[in-house]
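Heads up, the thing below is written out as structure tokens.
The values are calculated or read from the model by the stated rules, or taken from the named source; none is laboratory data. A quick note: this is a predicted structure, and the numbers were derived from the prediction, not measured. Cβ placement follows ideal geometry from the backbone for every residue including glycine, while neighbour counts extend to all protein chains displayed. Ligands, DNA and RNA are stripped out before the accessible areas are found, and what is left, the full protein with its side chains, is counted by its heavy atoms. Shrake-Rupley method; radii C 1.70, N 1.55, O 1.52, S 1.80 Å.
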Amino acid sequence: MCRLPAVTQPLFPSQAISMKTAPAGSQIDSADSPFLDQLCEQIRELPPSDNWPTEKITLLDSAGVYRWFVPTELGGLGWSSSDIVRGYLKLSSSCLTTTFILTQRVAALRRICSSPNAKTRDAILPNFMDGKSVATVGISHLTTSQQHLGEPALRAEMKQGGFEINGYSPWVTGAGQVDRIFMGAQLNDGRQILFLINTDVPGMTIKKGFDLMALSGSQTGPVHCDQIFVSNENVLFGPAKNVLAATGTATGSFQTSSLAIGLSRAALDFIKAETENRPDLEVNYQALASQYDDLENRLLTLASGVPICSNEELRSEANSFALRVTQSAMVAAKGSGFVNGHPVGQWCREAFFFLVWSCPQAVLQAHLCEFAGIES
């Protein structure tokens, strides 16, 4: 495991700057923008809820965050991987549910950007970048979910001019809050397609989101498709074997670790605040802060293209740290942290999310070994 020097610059500079001084959609032009810190502060000040975070999502839309992820040649800001990670770190420390919803919308957006179907891509991108039209993803059944079953969860059959889709996608975030879903389905010969489908198309049933132990506000649940026709013009990739590889966007990448580390920042800041009146926590806080700095440094180094470790190695360490630091915050909060509605209890539950979200087998195995106290 590669170790790097700790960052001395604070992650969250405290500046009270009004976002009204910059035009909507253009004020956050870099990860160093003071308007990004102001956006995070506005999100943080809104009360937590198990409902869809409408106000927080509206703040993201008005701030033009979708442009971060679109290449400049397509009209976006083309942020680097490092800057995107820095943005995710700040946003997820403010509200994990809101940032998770953003990642699912971005997962659709980035794959749309890389589609060889330029006609469809260019027609829909402007509204997507402005937040006027939004898509989410339903592709987990092609990667980590439902892979133990004998047949594909979502099936495609070739028809004249397109494909007929039947089955379901088990984990779709905020399907009832978007215009389209970027979905994947498999043909009988093993080839797969990725396509865009309107959420109001006949034959689509959007189920109520699962009652999760955390992030229920993301309204993540199954979407069923019954004899839905998808025209060829709405097929963005495929048919091809392992079609997700053609999108150039991996699931469970280092950006997933960004959210775990961002959540850890929120818990760490809570512990730091507690040390002001409880000096006995100082030693523990300093140890955790040092580990946080090391994780953040390695994350940013990996995002910059320097392969100091694998995505899986960083992911397992980020998950483990999120579990430990949120539980440390619970100890620091004492009994009040165990009362429903306290942010520490929420952070503890949210940390468990990273054990199941887009978690590769290697990461799962590393956690099982860690919990069992054996070498991985």
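Some notes on this structure:
- Reach of K119 by Cα under 18 Å, taken over aspartates and glutamates that are not fewer than 8 positions away in the same chain: E73, E233
- Magnitude of the charge dipole for the chain, about its Cα centre and with charges confined to Cβ atoms of Lys, Arg (+1) and Asp, Glu (-1), is about 480 debye.
- Surface composition of the chain: carbon plus sulfur atoms hold 51% of the accessible area, using a 1.4 angstrom probe and ignoring ligands, DNA and RNA.
- Percent of Cα pairs in the stretch 219-376 per distance bin of 5 Å, from zero to the largest separation: 1, 8, 14, 15, 16, 13, 11, 8, 5, 4, 2, 1, 0.
- Under 14 Å, Cβ to Cβ, from S93 - net charge with Lys/Arg +1 and Asp/Glu -1: 0
- Folded to 0 to 90 degrees: helix 361-372 orientation relative to the chain principal axis, Cα: 40 degrees
- Rounded, prolate or oblate (a/c below 1.5 giving rounded, otherwise prolate when a/b exceeds b/c) for the stretch 210-250 by Cα gyration tensor: oblate
- Computed on protein heavy atoms with a 1.4 Å probe, the accessible areas place H342, H141 in the order H342, H141, largest first.
- With Cα atoms, 0 to 90° folded angle of helix 254-275 axis to the chain main axis: 30 degrees
- Shown here for the stretch 273-376: GluC sites (Glu not before Pro) in loop regions (DSSP other than H, G, I, E, B) with at most 15 other Cβ atoms within 10 Å, namely E276, E375.
- In the stretch 272-361, a dipole from Cβ-located charges (positive for Lys and Arg, negative for Asp and Glu) runs towards its positive end, and of G335, V325, L299 it is G335 whose Cα lies farthest in that direction.
- Expressed as a whole percent, the proportion of Cα-Cα pairs in the chain lying more than 30 Å apart is 39%.
- Cα centroid separation, the stretch 162-200 to the stretch 227-293 (Å): 24 Å
- Rounded to the nearest 10 Å², the accessible area of I308 at probe 1.4 Å: 40 Å²
- For a straight C-alpha distance cut-off of 24 angstrom, the lysines reachable from K334 (same-chain residues fewer than eight places away being disregarded) are K272.
- Å² per residue, accessible surface of the chain at 1.4 Å: 45 Å²
- Set K132/K207; K90/K132; K90/K208; K56/K132 screened for pairs whose C-alpha atoms are more than 26 Å apart: K90/K208
- Within-11-Å neighbourhood charge of V137 [Cβ basis; K, R +1; D, E -1]: +4
- The residues neighbouring G76, those whose beta-carbon lies less than 12 Å from its own, together hold a net charge of -1 under the Lys/Arg +1, Asp/Glu -1 convention.
- When D122, D50, D83, D211 are compared by accessible area of protein heavy atoms, the largest-first order is D211, D50, D122, D83, using a 1.4 Å probe.
- Cα-based helix-to-principal-axis angle, 118-129 vs the chain, degrees rounded to 10: 40 degrees
- A straight line joining the Cα centroids of the stretch 68-127 and the stretch 320-376 runs 28 Å.
- Whole-number D in µm² s⁻¹ for the stretch 165-293, Kirkwood Cα-pair radius fed into Stokes-Einstein, 25 °C, 0.890 mPa s: 136 µm²/s
- Along its first, second and third principal axes, ordered by size, the stretch 84-211 spans 44, 36, 26 Å in Cα coordinates.
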